[in-house]
Every structure is written in structure tokens, then in C-alpha cells.
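Below is one structure, written out as C-alpha cells; the observations come after it.
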Amino acid sequence: MFKLELNSSLVCRRYVCGALVGAASLLIAIGASGESAPTAEPEVRVTAEAWPEADAMFHRDPRWLGGDDAYSIDLGNGRIAWFFGDSFVAPTVEGDRKGCTMVRNSVGLQTGDDPVRADFKCYWREKDGKPVSFISNDDPDYYWPGGGVLNDGKILAFFMRLSRHGR
């Protein structure tokens, strides 16, 4: 996990997962500040630094050893939903990816606003006693997360449908 700091005439701090550092975060931070736009173009400086104390949150569930393509949605009341693409789950030896099953997506729940102290638990489904993707169906296609929002108390999550058959 990284700390991202935006410095301009509008300053705010956002916590984002590595690959999410970018222009979208800048636009969200400036738009969410509630301040009117400055009359002259401000000088904007973006800095990011590793935040290993917060990254440790993703290692608190020993049944989940990582996932890519991470997106998060603030659910309010100190809860944050995380959506991951390809994920290493259910290790046969704790901490060892060699004995894991890779599912195409998983969902995590962060409880607590501060990732340094928050709890984290990850979820996927099981079929015939074996791990399968959290979002799936019986066809050979699979789904990767693509972001989402909380709308009127309901999660609206976007997923990319991918096919192994090139359809």
C-alpha cells in the first residue's frame, strides 16, 4: 500500500493501493474537496511512498495470500469492501503460494478506517469443497473487478467478463 499526497492550492491525502496512484485519484481528490476551482492553474506535485505498516493489513487473513486488480468501496461506519482479480486462496501450507488455489476474483472486508490497525478478511465461494471465484457462474467465462460505488446503501460493482474461448 502507498501513501499518496497531492500538493497544490488544494491539499488532501488519499490512501491507495500501488497501481491506483494516477490521474483518476488526482481528479477525485480535487473534486471531492468541496472548494471552488482556483482561478489560475495551480502547480500540482504528486508524491507516493511505500507504506509497509498499512500493507500488513493484507496479510492478516492467512487463508488469502494476495490478489491483483484491487478496487475498494467505502461502505461507511469504518468498513471498506475490497474487490480483487486473480487471487491466491486456501493455502495447504500457511504462507506458501505453491499450495494455493488461484480463483479469478475474491472480495475482502476491511473493518476500521486506519489500515495500520484495521481487521481484514477475504471471501470466495466453494464448489464441491474446493475454492472458486466469489463472482462466477457455471460457464467457462470469468470476471475481474473494474471498480464500483455505494449507491443508496447498495454496492454497484463493475466487472469485466473474460472468456477462455476468445469470444
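The values are calculated or read from the model by the stated rules, or taken from the named source; none is laboratory data. None of the values given here were measured: they were computed from a predicted structure. Cβ sites come from the backbone with ideal geometry, for glycine too, and all protein chains shown count toward neighbours.
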Exercise. Scanning for something under 24 Å from residue 165 (Cα atoms) and touching a residue at least 12 places away in the same chain (Cβ under 8 Å), does the stretch 52-66 turn up at least one residue?
Worked result: no
For this session: Answer yes if at least one residue in the stretch 28-35 is at pLDDT 80 or above, surrounded by 17 or more Cβ atoms within 10 Å (Cβ to Cβ) and not in a loop (DSSP other than H, G, I, E, B), and no otherwise.
Result: no
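So, in the stretch 97-118, of the ones that are within 27 Å of residue 164 (Cβ to Cβ) and of a type in the set (D, E, K, R), which residue ends up nearest to the chain's Cα centre (by Cα)?
First pass over the stretch 97-118, keeping only residues within 27 Å of residue 164 (Cβ to Cβ): 97-108.
Within this subset, residues satisfying the condition of being of a type in the set (D, E, K, R) are 97-98, 104.
Numbers: 97: 20, 98: 23, 104: 14 Å.
Residue satisfying both the conditions and the ranking: 104.
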Exercise. Name the residues in the stretch 147-156 that are surrounded by 13 or more Cβ atoms within 10 Å (Cβ to Cβ) and either in contact with an Asp or Glu (Cβ under 8 Å, 6 or more places away or on another chain) or modelled with pLDDT of 95 or more (or both), would you?
Worked result: 148, 150, 155
Seminar exercise, completed: Output for Cβ contacts, cut-off 8 Å, separation at least six or different chains, first residue assigned by TED's automatic domain parsing to the domain that holds residue 81 in the stretch 143-165, second small (Gly, Ala, Ser) and surrounded by fewer than 13 Cβ atoms within 10 Å (Cβ to Cβ), reads 150/76
Seminar exercise, completed: Of (1) without any contact (Cβ under 8 Å) to a residue 12 or more places away in the chain; (2) closer than 19 Å to residue 159 by Cβ; (3) in contact with a helix residue (DSSP H, G or I) (Cβ under 9 Å, 6 or more places away or on another chain), residue 137 satisfies every one except (3)
Exercise. In the stretch 78-94, which residues are touching a residue at least 60 places away in the same chain (Cβ under 8 Å), surrounded by 22 or more Cβ atoms within 10 Å (Cβ to Cβ) and small (Gly, Ala, Ser)?
Worked result: 85
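Any residue that is closer than 23 Å to residue 1 by Cβ, modelled with pLDDT under 95, assigned to a loop (DSSP other than H, G, I, E, B) and out of contact with any Ser or Thr (no Cβ under 8 Å at 6 or more places or on another chain) - is there at least one of those in the stretch 124-141? Even if it seems obvious, please write down each step before you answer.
Kept after step one, since they are closer than 23 Å to residue 1 by Cβ, are these residues of the stretch 124-141: 124, 134.
Next cut, modelled with pLDDT under 95 only: none.
No, there is no match, as no residue in the stretch 124-141 is closer than 23 Å to residue 1 by Cβ, modelled with pLDDT under 95, assigned to a loop (DSSP other than H, G, I, E, B) and out of contact with any Ser or Thr (no Cβ under 8 Å at 6 or more places or on another chain).
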Seminar exercise, completed: Of (1) of a type outside the set (S, T, N, Q); (2) out of contact with any Phe, Trp or Tyr (no Cβ under 6 Å at 6 or more places or on another chain); (3) not in a strand (DSSP E or B), residue 121 fails just (3)
